[in-house]
Amino acid sequence: MHNLISPRNRRSANPAEREVRLRRRTFLALLGSGLSFSVASLASRRLLAGGDERPRRLLVFYLPHGMPIEHVQPTVEGGGISDSPIWSVLAEHADVATMLRGVSMSDGATNHGAISAMMTGSNGGGMGDSIDRQIADALGVQAHVLGALPYDLSSGFTVDSHLVRHGTWVRPTEDPAEAAAELFAGLGQDPDMPDPNIAFRQAALALSEAELEGLSTRLDDLSSERTKIDLHLEAIRSLAQGDGGGSLDPTCTGMPALPKVEALEGLEVMDQANFGRVLDAHLEVAGQAFVCATASVVTLQNLWVNSGLNMGFEGGPGVPKGHHEPISHSWDAAGRAEFAQVQSWFLSRLNECFLKALDLPDPADPSHRVLDNTLVWVCSEVSDGANHHSDTSPMWIDGAEWPTYLPNMFLGGASGHLAPGVFDVVREHADVLATVAALMGVNVDTIGGKAVEPIAEVML
Amino acid sequence: MRLPHALALALLCFSNFACKGSAQSDSWLESGSDDETGEVELGCENEELGPPLLRRLTRDEFSASLVAVFPELGAQWDGLALGPDPISERGFSNDAALLSVGEQVAEEILASAEAAASELVSPEVLASLLPCSVDTPDIVCAETFIETRGRLLFRRTLQADELATYSDLFEEVSSTSDFATGLRWTLVALMQSPHFVYRFELGAEGAQGERELLDWEVATALSYTYAGVGPDEDLLARAQAGEFAQAQARVDAAAELMGAPQGEQILSRFFAEWIRYGRAGSKIKVNVETYSQVREDLVEETRLFVDRVVRQEGGSMRDLLTSDQTYLNAQLVSYYGWGEGTGSAYTSQTRPEHYSVGLLAQGSVLAGYAHTDSSSPTLRGLLIYEKLLCKPALAPPPDVPSIDPPELGEITTRERYELAHAGDPACASCHQFFDPLGFAFEHFDESGRYRETEGGLPIDTSASALVGSTMLSFSGLTEMAEGLAQEASVHACTGDNLERFAFGGEVEGCRALELRERLVKEEIGLADYFVELAGADGFARRSGPN
């Protein structure tokens, strides 16, 4: 077995803990070795700092290019999620669903600016970290970023894919097997056998840190290059410190079964034909990590924004056309219905592969379900796909005026802090970020240098 | 009306022509024309030195460098954990400003270093890597290794205190483990050191406040620019002997490096990133069943075409735009309808007249700049406008409406676009500059194949467009390509992009004004221009501190 060790996956709650980063073939070899999944029966434990006894988990589920608004709005006056053509695929979770309407993108951001404002609140991304990182840092956990086709292989990691920022733009983990290795790192290791490599790695990192410090001093008169080195120095220090944990106590003693991940063996995860399988596998990994309490903040970045992915792949929504165009840019009724069908399909996978998996007693809080102690935030950077705006400008469709807004759906109980229902507000997107943080027990009162306030209406 | 997002990026459908390009881009609008001054349009007005830089190795450079310093890893080493490089607005993956090391990249570098180091100290490899490790596995053995391989990794001789630091690390680790483990973690530290991870172009301060690159920095710049890998011992020794203080010596070395196998890929990479013809390989064409079978072949066709014209034949931009040759395998011959081909090998073919000429007629370009179900005059026009004429990318307005979908047999693509864009003054204010360029392509469908008519309707490819200071009129792609080949601004723009690619960033002016003039006057081919940049003052010197 080819063990690679990375401090990023350290679980420092246990001083003798291991750091293991497994490559895909190693992960699959582990599965083949017969390690079994078992949920330790534990007394309810506090998973997160913050004075709350219930665990809290966050999944950000990003969909590019908005939704056709007439398929989002409930079809009856005063209707809820069950009456919304798109959201109704999640109707079985209506008791823990919160539809938020009336939100405009912050900073007047549109197009690429809106993508990078999605998680940062600033047009173009600003200088700060995205909200997942801010929440994770406050909770003392790692923010994981997974991605199903998050960028175009031929174009590379361009601005179309700049969603999550941890100091610099984060390229999501594309391979579900690598995601599994990352999210379940340390499971199954013997805590009584300390790994000497940790100390050796620390020594190597300390040497690099000293070199960078010396270089930073030398570059005193070259501000741009010094900034570059200081960023690098901060990164090395972060690696040396690990994720600062102490907050997560896994409830599993071994790697859980991940059949959807196993099914990808031998397949190319960036092959568009495998998109459906890859998405399912990522959702499976995130869901099981939440059940096992080995991760608590995960962003799943679906597709890059101008994706020409043909949605006719096996297991997909059955629309053999490009996601970006013509599907998301359709103006005719038939085309917009197809767009609704496609975006609904994403939600159906979220339901089948993630939400349902969380519908069981929380091992860390058996009086509630895992889903009750989770917050899922479904979001997009565009209001109506064809109209291609990111605010609340009304639209005319077939002679009727429709209100528009950025799609925002919260699912799960957020550990008892989320009020279910449909809420109409007039707010900027940065306030939604503050709300997500507040629901995770983290106070964020400025974003991008501007004051923000959680949306009290959706909070219990 | 339907308009794809990528298209929308180029629209400004309101009254003001608000260009939000870079300052460098703005200069293209302000450059004097040769009509007014009689001077050649160079795309820059003065010569400037670039700033001192730390250039992080790209993914490919990192991997190539490790394999070059440690051939024991094997040419097929697959332990690199670094992800794709960030891409600049110009499409380049080697932009020094974007290649930073944050947590994700730092972790990936660490993982890569650990993978490589583990491989190198494995029992199967260590004995050949370091023969003294067999009989005398001690600090002397380790220090010899650190000194020799460290010099190649850092691309200079390690200073005494650096050698001591790494020796101390080795002793610290090996004293509680063994020789191999000590060496392993010393290697990890060397490979993740900023002295390996960054190409240094800082220099030492000279008399005028400007900076002269140190000899090993020049060797490093030569080797990475012209071969994509770190300098070997020979190049370092020549640099140390002062050889590259002479401009011609640098040019000769650059030519030598470009002639070697690794150097042969450099200009291929430039054109692939600049023109982005590789995107054809991930496109879907819903109405063309065979497209998915040939899309990678289309990309290979263009790679071979560019390599032949630019590297093998030393051609100019004129040659690239007007060559009647291409490289096809049997599948592509059949795909294009040029007859029956045989074999999987790519062979030189002369393009039939109706299949036009040059780079713009390459199937990968035509398919890559089109929609899934139709051609796109705007996308193809923007290719020329932004890439060949260096016009600034335009900020899209909010609420860009979509363009109507194709109606085969009812209306041509050109007519559909003219209705949408030319028919609305707000849209026409921008689209007038690039849509006409795109109309020239209309005899080629979304899959890169020729069509005599569009759904039975006649196709009109005649148009006029402002190119530089010239109103270019043409009918069809061949005439337009030939017209573009005459334009100084096209040659100047190409030179500007080559310069940015070579130096990993941009300056307000040119780094080699006289050389740019020679390129624009077509006194020098593209490959020679690129090589001669090594002789520019700006290659071995940098401006003062910012």
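Quick look at the numbers
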quantity: Any hit, the stretch A:371-389, residues being open to solvent by 10 Å² or more (accessible area, probe 1.4 Å) and more than 14 Å from every other protein chain (Cβ to nearest Cβ); calculated: yes
quantity: Looking only at the stretch B:275-317, and only at residues there that are open to solvent by less than 10 Å² (accessible area, probe 1.4 Å) and more than 14 Å from chain A (Cβ to nearest Cβ), the one that is nearest to B:TYR336 (Cα to Cα); calculated: B:VAL294
quantity: Of all residues making up the stretch B:62-115, the number that are assigned to a helix (DSSP H, G or I) and either within 11 Å of chain A (Cβ to nearest Cβ) or over 20 Å from B:SER223 (Cβ atoms) (or both); calculated: 14
quantity: Residues of the stretch A:202-215 classified as more than 7 Å from chain B (Cβ to nearest Cβ) and open to solvent by less than 10 Å² (accessible area, probe 1.4 Å), total; calculated: 1
quantity: One residue from A:VAL159, A:VAL164 being within 9 Å of chain B (Cβ to nearest Cβ), among the β-branched types (Val, Ile, Thr) and touching a residue at least 24 places away in the same chain (Cβ under 8 Å); calculated: A:VAL159
quantity: Out of B:LEU320, B:LEU332, sole residue that is touching a residue at least 60 places away in the same chain (Cβ under 8 Å), out of contact with any strand residue (DSSP E or B) (no Cβ under 7 Å at 6 or more places or on another chain) and not in a loop (DSSP other than H, G, I, E, B); calculated: B:LEU320
quantity: Test: B:VAL125 is surrounded by fewer than 17 Cβ atoms within 10 Å (Cβ to Cβ), more than 8 Å from every other protein chain (Cβ to nearest Cβ), among the aliphatic types (A, V, I, L, M) and in contact (Cβ under 8 Å) with a residue 40 or more places away in the chain; calculated: yes
quantity: Residues (within 14 Å of another protein chain (Cβ to nearest Cβ) and modelled with pLDDT of 95 or more) located in the stretch A:118-132; calculated: A:SER130, A:ASP132
quantity: Failed item, numbered, when A:VAL319 is tested on (1) closer than 24 Å to A:ILE69 by Cα; (2) in contact (Cβ under 8 Å) with a residue 24 or more places away in the chain; calculated: (2)
quantity: Index of the failed condition, B:ALA160 passing every other in (1) away from every other protein chain (no Cβ under 14 Å); (2) in contact (Cβ under 8 Å) with a residue 12 or more places away in the chain; (3) within 20 Å of B:HIS195 (Cα to Cα); calculated: (2)
quantity: Residue within the stretch B:417-431 that is within 14 Å of chain A (Cβ to nearest Cβ) and at pLDDT 90 or above present; calculated: no
quantity: Residue identified as open to solvent by 10 Å² or more (accessible area, probe 1.4 Å) and polar (S, T, N, Q) among A:GLN288, A:GLN301; calculated: A:GLN288
quantity: Any pair with Cβ under 7 angstrom, 6 or more apart, that starts in the stretch A:139-150 at a residue that is over 18 Å from A:LEU63 (Cβ atoms) and of a type in the set (A, V, I, L, M) and ends at one that is open to solvent by 10 Å² or more (accessible area, probe 1.4 Å) and in a strand (DSSP E or B); calculated: A:ALA143/A:HIS166
quantity: The one condition in (1) open to solvent by 10 Å² or more (accessible area, probe 1.4 Å); (2) modelled with pLDDT of 95 or more; (3) under 30 Å from B:ILE403 (Cβ atoms) that A:GLN343 fails to fulfil; calculated: (1)
quantity: Single condition A:ASP129 does not satisfy, out of (1) open to solvent by less than 40 Å² (accessible area, probe 1.4 Å); (2) in a loop (DSSP other than H, G, I, E, B); calculated: (1)
quantity: Test: residue in the stretch A:442-455 that is open to solvent by less than 20 Å² (accessible area, probe 1.4 Å), part of a loop (DSSP other than H, G, I, E, B) and within 23 Å of A:ASN351 (Cβ to Cβ); calculated: no
quantity: Test for A:GLY80: is it more than 20 Å from the chain's Cα centre (by Cα), small (Gly, Ala, Ser) and closer than 23 Å to A:SER390 by Cβ; calculated: no
quantity: Which listed residue is within 19 Å of B:ASP528 (Cα to Cα), touching a Gly at 6+ places or on another chain (Cβ under 9 Å) and not charged (D, E, K, R), from B:ALA260, B:ALA221, B:ALA247; calculated: B:ALA247
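The values are calculated or read from the model by the stated rules, or taken from the named source; none is laboratory data. These numbers were taken from a predicted model, which means no experiment stands behind them. Cβ: placed from backbone, ideal geometry, glycine included. Neighbour counts: every protein chain shown. Ligands, DNA and RNA are excluded from the accessible area calculation, which covers all protein heavy atoms including side chains. Shrake-Rupley method; radii C 1.70, N 1.55, O 1.52, S 1.80 Å.
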